[in-house]
Amino acid sequence: MSAATMTATAERQVVAFRLGNETYAIDISYIHEIIRMKEITFVPRAPHYMRGVINLRGRIVPVMSLSARLGLPVQEETPQSRIIVVEVNGESIGMIVDAVSEVLRLPEDHIEPPTQMAGTESADYISGLGKVNDKLVLLLDVEKVVEQQ
Amino acid sequence: MMDTGEYIALFLEEAAEQINILEQDILLLEQSPSQDVLNEIFRAAHTLKGSSRAMGFTAMGELTHAMEDVFDALRKGEINVSTSLVNRLFDALDTLKAMRDQIAEGGTSNIDCDELVQSLRNALQETTTDISAANTPSSAQPQAPAELVLQEHQREAALTAIDNGLQVYHFTVRLAEDTLMKSVRALMVLQAIDASGGAVIASYPDEDALDNEQFDDSFQLLVATDKPIEHLRSALMGISEIRDVEVSPWQEATAAVPAQPAPRAEQGPQKVLDSPVAQTTGPRPEPPISSEGETEKTTSRTPAMSQTVRVDVARLDTLLNLVGELVIDRTRIAQLGREFEARSQHDDLVDSLLEAAGHIGRITDELQEHIMKARMLPIEHVFNRFPRMIRDLAQKFGKEVRLVMEGQETELDRSVIEIISDPLIHMLRNSVDHGIEPPEVREAAGKPRQGTIRLSARHEENYILIEIEDDGKGMDPAQLREVAVRKGILTRDAAERLSDREALSLIFAPGFSTAKEVTEVSGRGVGMDIVRNNIQRVGGIVDIDSTPGQGTRISVRLPLTLAIIRALLVRVNGQVYAIPLSSVLETLKIEPEMVQFVGMRPTIVLRGRTLPLISLKAHFYDEDFSARSCRGEEPMFVVVVGLGERQVGLVVSHLIGEQEIVIKSLSRYLGEIGGVSGATILGDGRVALILEVADLFHNVSARAA
């Protein structure tokens, strides 16, 4: 295979998950691990979308509700709910999602800039739109999501 | 080129060490030049010259070479120590530091030092005809002092002291030739020994003669102490007009054979300690007594060969974290053991489990203790730079200041050392700038021209106590009240109600500064409030005490470590919180009807004093803590916490118990959480938040205002 074709078929590996009825995805390089829901210790006076902290094998990791962060309606917790622990700038943070679906390979040329999202509340946190088998996947800008404004 | 990175790291570390030695010794040189100091300083400059040349830092090599030449000339008595020479040496030293820092950052240094080198070379030309006594090694002085002859009861006392594990030293104190009030100096020496933990057994001439100035330039003392000898020596050297203090361990033989002063006069004090004669002639086979002081001396200066290894700090931090995990698991295992025990009455397996758990517990405790110790550094790492700083500040402000430091060997965790450094600098600056008066003012007030700042550190229970004491003009509570009112910090009424002690604490209020004009040094906007905040953030306490006209004393109490603390666990709204035990004064169980409302603030009366209450539930969960919600039928628990003079009661739902906890920081993604300093993992794996008591106090004050 020549270098040219390599570039043409460059793809991104992402983990796709569900928030409500929508499918979102995070670049796999950010992901530290995905765990089941566990007891979260509430931290008073933290930003409203923060659910608290968990003990991740001796480390104390903050956990946010991703839905609350993106301004989406927050779903009830179900057996499918998961915490995706990402690592950004050397610090871990957990995000509660409604279900983790699969690892996807998104060819770069199937990713569009999020222009059609403009105006919605979560638009700021979306870095691109991917299409997989007619399904729309919203790629999250993880660094923006974890930073406090 | 391949390995230079590694070599540079080594070089930088060594350079820092040598620069440090140079700094201390140049100061010593100014205060009391001795041949020992000159030799050491020469060696340090020589080492630095060699290594910087080897690494190809020629400018640095050039500069150290010039310094080395100056030290050599000083050593040979060709030139004299003068303030201007010391200033030049300090300039050179600062340039060396800057060069070192540049190399640390970018691998090279481009600082030009030709001018400095020239100025040092010039100093060599300025030879003086008068080689004063101050510059000549003590051995050249022909005054072989008369020997201290012990009376029977004094000899008994000395032997008893040795039997009790103390060490007995023979001091020869020499005063500067032109000392005016010799008896005063002698008295100060006696007091300094007393204050530094020494007991004077005998003196020659006797104390009456010392009082009446019936002695020449030197006198001798026999002192028993359990403190390191350097400690006493440096306390004495801190007294002005003391030219030299010679110390040797006392042994019975020394006293019995009075014809022995010759070797002592010829050799430096250290030599005497080394001397095999001194050890073998003693009738008692107790060389450790004399060698102990010596070991301390050598380890503090010249690194001992195989006894120590350098360990990366990050590695120690990792070790401590791992031990922290172990502490959590230990608690967990012990808890599991108790649960099993409760389930099955007599089971050998459970017994074995409990036994193993107990053993793990003990081992973990020991491991923890040793790793904590490995992280300890003597506070001299912070103190070291103060003599130079005080000297420069005093010069700048035209004041005469003597810095006396005690307890430099006191050890504390390096994390605490990092935090305490800036507050101490700030407080010392304040002392020089605002505390100590100009020499003329002091003289007019009948004080010595030279002011004294005493900086001391010592262990006290689970704390380290650092005190900064000056004999300056002190603070006037009335004036502080006045300023607070003028600056709008307090209403006149509120100010009048403050006790004098509380008024002194006003200097910690934000926006409070009593300096008439903002000076370059003290008035740069970081006030005492920042100092106090920094100290409180690590669980420390600052206290202030002052007498107008006589001076000010600031005491700082710090925990020995920040990593693992004892805490009281409480439950609030179903969740566990940890309150550092260091701030807990007592716990109470109260009935709801005991709560009274003063304005909007709930209080109770405890032993005749009103105690404001903070409901943690109200504070953290925005729930209403009003008369209505108090009227529940259940009793409430109150944890009384103290911060300096102030106390407040924290209302909690349940008290759980005391436990050792490992402090972990909260992610910055959570933002600043008022009232919470961190988190810890409990024995059952759940997370508990650690309360920051100082923050809660702010909360009370904010509401009160």
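The values are calculated or read from the model by the stated rules, or taken from the named source; none is laboratory data. All values derive from a computational prediction rather than experimental measurement. Methodologically, a virtual Cβ is constructed for each residue, glycine included, from the backbone with ideal geometry; neighbour enumeration extends over all protein chains shown. Areas reflect the complete protein model, heavy atoms only, side chains present, ligands, DNA and RNA absent. Shrake-Rupley method; radii C 1.70, N 1.55, O 1.52, S 1.80 Å.
For the range B:552-682, the Stokes-Einstein estimate of translational diffusion at 37 °C and a viscosity of 0.692 mPa s comes to 204 µm²/s, using the Kirkwood hydrodynamic radius over alpha-carbon pairs.
The ellipsoid that matches the Cα gyration tensor of the range A:3-146 has semi-axes, each √(5λ) in whole angstrom, of 27, 17, 14, with the longest given first. Simple point charges give the picture: +1 on the Cβ of Lys and Arg, -1 on the Cβ of Asp and Glu, and for the range B:360-468 a dipole about the Cα centre of about 500 debye. Rounded to the nearest whole Hz, the Karplus-based 3J(HN,Hα) values (6.51 cos²θ - 1.76 cosθ + 1.60, θ = phi - 60°) of the range A:46-58 follow the sequence 8, x, 4, 7, 7, 8, x, 10, 10, 9, 9, 6, x, with x at glycine and proline. Candidate cross-link partners of residue A:38 among the lysines, defined by an alpha-carbon separation under 22 Å and a same-chain spacing of 8 or more, comprise B:664. Peptide A:52-59 is shielded by partner chain Cβ atoms: per residue, an average of 6 of them sit within 10 Å of its Cβ. Based on protein heavy atoms only, the range A:12-149 ends up with 49 Å² per residue of surface accessible to a 1.4 Å probe. Backbone geometry of the range B:62-74 corresponds, through the Karplus equation with coefficients 6.51, -1.76 and 1.60 at θ = phi - 60°, to 3J(HN,Hα) couplings of 4, 5, 5, 4, 4, 5, 4, 4, 4, 4, 5, 5, 5 Hz, x marking Gly and Pro. Using a simple spin-label model with pseudo-atoms 7 Å out from Cα toward Cβ, residue A:57 and residue B:346 lie 4.3 nm apart.
Net charge around residue B:372, counting only other residues with Cβ within less than 14 Å of its Cβ (Lys, Arg = +1; Asp, Glu = -1)?
Residues near residue B:372 contribute -3 overall.
The relative contact order of chain A, computed from alpha carbon pairs under 8 Å that lie at least 6 residues apart in sequence, is 27 percent.
For the pairing of chain B with chain A, what total accessible surface becomes buried, with a 1.4 angstrom probe, in square angstrom to the nearest 100?
The B and A chains share an interface burying roughly 2100 Å².
Taking 21 Å as the straight-line reach from the Cα of residue B:399, the lysines in range (excluding those fewer than 8 positions away in the same chain) are B:447, B:473, B:516.
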